[in-house]
1. Can you work out D for segment 62-126 in µm² s⁻¹ from Stokes-Einstein, where Rh is the Kirkwood radius over C-alpha pairs, the temperature is 4 °C and the viscosity is 1.567 mPa s?
2. When the scattering of the chain is computed by the Debye formula from its Cα atoms alone, each counted once and equally, what is log10 I(q)/I(0) at q = 0.13, 0.19, 0.23 Å⁻¹?
3. Once each part is reduced to its C-alpha centroid, what is the distance from segment 36-59 to segment 60-126 in angstrom?
4. Using the Karplus curve 6.51 cos²θ - 1.76 cosθ + 1.60 with θ = phi - 60°, work out ³J(HN,Hα) for each residue of segment 89-104 in order, rounded to whole Hz, and write x for Gly and Pro.
5. Could you give the nm distance between label points at W43 and R91, where each point is 7 Å from its Cα heading toward the beta carbon?
6. In nm, what is the difference between 0.36 nm times the number of residues separating S55 and I34 and their Cα-Cα distance?
7. Provide the per-residue ³J(HN,Hα) series for segment 64-70, in order, calculated from phi with Karplus coefficients 6.51, -1.76, 1.60 and θ = phi - 60°, each as a whole number of Hz, with x at glycine and proline positions.
8. Amide H to amide H, which residues 5 or more places from L73 or on other chains are under 5 Å from it, using H placed in the peptide plane?
Amino acid sequence: MRLLLDTHTFVWFLLDRRRIPDPLMADLIDPAQIVYVSAVSVWEVTIKSGLGKLSLPLDRLEALTDEAGFAELSVTSAHALEVRHLPPLHRDPFDRLLIAQARHEGLTLVTRDPDVRRYSVDTLWD
């Protein structure tokens, strides 16, 4: 399975792994899994950190992502264009782009967000 982390899952992995169920954590640290972190999530945490809503070591974020064994998923024009196929169920532009990426790339989106799970996209949360 190829997984894409929703931003909250990525943040919890870095700051508070207790918020991630044990079976799911096993999937995230399994070297046989390919786990992606999107540039969308990095952008979102950078904005939230700048607004004082989140405290992450941004200067070490790339290194922490690499140490976790996560792969980076860039944003492409095809991802942005995929958003047009999404019904207006969720207004968050970051989540909508993550959904579009997961759909376009055939990834399973790791999210606890019930609004995201309403879309036609494979999701995972144990």
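1. 103 µm²/s
2. Debye output, listed in q order: -0.49, -1.08, -1.55.
3. The two parts, judged by their Cα centres, are 15 Å apart.
4. Rounded to whole hertz, the list is 8, 9, 8, 5, x, 5, 5, 4, 6, 4, 4, 4, 4, 4, 5, 5.
5. 2.0 nm
6. Computed gain between S55 and I34 is 4.9 nm.
7. Once θ is set to phi - 60°, the couplings for segment 64-70 become 5, 5, 5, 4, 6, x, 7 Hz.
8. The answer is V37, S38, A39.
Just so you know, all these numbers are worked out from the coordinates, no wet-lab data involved. For clarity, every value in this text was computed on a predicted model and none was experimentally measured. Heads up, the Cβs are rebuilt from the backbone with ideal geometry, glycines too, and the neighbour counts pull from every protein chain shown.
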